[in-house]
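The values are calculated or read from the model by the stated rules, or taken from the named source; none is laboratory data. Since this is a predicted model, take the numbers as computed values, not measurements. All Cβ positions, even for glycine, are placed from backbone atoms using ideal geometry, and neighbour counts span all protein chains on display.
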Amino acid sequence: MSLIISTVEPDDLADVLALNQAEVPHVGTVDIEQMHWFAEHAACFRVARLDDGLAGFLIGLRPGTDYQSENYRWFCEHYPDFAYVDRVAVAIPARRHGVASALYQDFAASVPASVKLMTCEVNLDPPNDTSMRFHERLGFRQVDTLSHDAGKKIVALLVKEF
């Protein structure tokens, strides 16, 4: 199997949206208009393909983006510069093939050398233990938590130094 990572194209957005929605609540729900917004404003919106099928995607932002996510805003308030992973998802058949790791490496390689921090969040409640283990293996550490939806959702805020 051959893994190919490329910049998202408009024709990819429906498939990316379907994968995103299949992964809720591990990623936040969005609609097609939000996917188009990400395609236009994200510092990094990459798709991974295995044997020509969509294997996964990653959306990354940098500071200064007009994005109202509480999690993103928290990082903006606490760190002067970073590479923020807003969402990443891997299709079930593509799991355990290094897709997420490759997408993270691709995003890290796209930022200026002066950027020394990658940030993201992982659900603690409802728990996403698989994602937490993955991020710990990559070297991320928890620096705080945020509560959303009157405590119905709690996320761990994670950072990794390059």
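The residue that is surrounded by the most Cβ atoms within 10 Å (Cβ to Cβ), counting only those in segment 70-110 that are touching a residue at least 24 places away in the same chain (Cβ under 8 Å) and of a type in the set (S, T, Y), is Y84. Cβ-Cβ contacts under 7 Å between residues 6 or more apart (or on different chains), taken from a first residue in segment 36-51 that is in contact (Cβ under 8 Å) with a residue 60 or more places away in the chain to a second residue that is among the charged types (D, E, K, R), are listed as A43/R62; R46/D106.
Taking the criterion of being farther than 15 Å from V88 by Cβ and either among the hydrophobic types (A, V, I, L, M, F, W, C) or surrounded by 13 or more Cβ atoms within 10 Å (Cβ to Cβ) (or both), the residues of segment 16-48 that qualify are A18, I32, Q34, H36, W37, A39, H41. Does segment 61-69 contain any residue that is in contact (Cβ under 8 Å) with a residue 40 or more places away in the chain, touching a helix residue (DSSP H, G or I) at 6+ places or on another chain (Cβ under 9 Å) and not hydroxyl-bearing (S, T, Y)? Checked segment 61-69: no residue is in contact (Cβ under 8 Å) with a residue 40 or more places away in the chain, touching a helix residue (DSSP H, G or I) at 6+ places or on another chain (Cβ under 9 Å) and not hydroxyl-bearing (S, T, Y).
Tell me, which residue of segment 112-150 that is closer than 19 Å to D81 by Cα and outside any strand (DSSP E or B) is nearest to the chain's Cα centre (by Cα)? That would be F140.
Of all the listed residues (K153, K160), the sole one being under 14 Å from the mean Cα position of the chain (by Cα) and among the basic types (K, R) is K160.
Inside segment 74-111, residues that are in a helix (DSSP H, G or I) and of a type in the set (A, V, I, L, M) make up a count of 8. With the condition kept exactly as written, say whether any residue in segment 95-107 is modelled with pLDDT of 95 or more, within 16 Å of M132 (Cα to Cα), among the aliphatic types (A, V, I, L, M) and within 12 Å of the chain's Cα centre (by Cα). Checking segment 95-107: at least one residue is modelled with pLDDT of 95 or more, within 16 Å of M132 (Cα to Cα), among the aliphatic types (A, V, I, L, M) and within 12 Å of the chain's Cα centre (by Cα). When segment 111-142 is filtered for residues that are surrounded by fewer than 15 Cβ atoms within 10 Å (Cβ to Cβ) and among the polar types (S, T, N, Q), the ones remaining, listed by number, are S114, T130. Scoring E161 on the criteria (1) acidic (D, E); (2) within 18 Å of R73 (Cα to Cα); (3) surrounded by fewer than 17 Cβ atoms within 10 Å (Cβ to Cβ) leaves a single failure, condition (2).
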